[in-house]
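For reference, the structure discussed in these notes is given below.
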Amino acid sequence: MDLESEKIFNQKTQKSTRQNLRNSVSVIERLLWSKIRNQQLGVKFRRQHGIGKYIVDFYCADARLVIELDGDSHYQDGAQEYDRARDEFMREQGLRVLRFTNIEVVSNLEEVVLVIAHAIEAKA
């Protein structure tokens with residue numbers, strides 16, 4: 001699927017879902033967002049960004065980078081297979097995916113931000 005020829009970003013049918021997700025952001029997402037918003041890493045990130053049928057936690061178009069935070073729901077039955085399919089779809093679009101657990105964000109936020117910064121530099 002070609003990103004330019006087919007509208008896969010922020011489809012209108014997902015607008016209210018994306019808005020609801022942004023309005024009910026978790027404490028963990030808020031914590032990471034405080035470190036990557038306003039181009040603190042030199043690039044713009046978007047929250048709750050639609051890509052295809054999925055809505056990702058954070059997306060940076062310049063670095064073609066998706067960041068997903070995995071909380072408890074990602075460890076329920078079927079969730080890991082869903083995440084694998086989702087990640088594969090992102091890779092098929094030429095996007096890279098970084099996944100962090102909520103525990104990683106809380107216990108080692110600076111390291112998480114460093115990994116993201118390195119991923120951005122690797123794309124530049």
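The values are calculated or read from the model by the stated rules, or taken from the named source; none is laboratory data. Just so we're clear, the structure is a prediction, and the values are computed from it rather than from any experiment. As a convention, Cβ positions derive from the backbone with ideal geometry for all residues, glycine included, and neighbour counts pool all protein chains shown. When the accessible area is computed, the model is the full protein with side chains, heavy atoms only, and any ligands, DNA or RNA have been set aside. Shrake-Rupley method; radii C 1.70, N 1.55, O 1.52, S 1.80 Å.
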Over the C-alpha atoms of the range 79-123, what are the Rg and the largest Cα-to-Cα span, Dmax, in Å?
12.3, 32
Would you mind working out the magnitude of the charge dipole of the chain relative to its Cα centre, with +1 at each Lys and Arg C-beta and -1 at each Asp and Glu C-beta, to the nearest 20 Debye?
680 debye
Carbon plus sulfur, as percent of the 1.4 Å-probe accessible area of the chain, comes to 48 percent
Within the chain, what percent of beta bridges assigned by DSSP are antiparallel, to the nearest 5?
60 percent
What ranking of 88, 68 comes out by heavy-atom accessible area, probe 1.4 Å, highest first?
88, 68
Cα atoms only: what Rg and Dmax, in Å, come out for the range 15-65?
10.9, 29
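So if the hydrodynamic radius of the range 26-124 is defined as the Kirkwood radius over C-alpha pairs, what does Stokes-Einstein give as its diffusion coefficient at 25 °C and 0.890 mPa s, in µm² per second?
179 µm²/s
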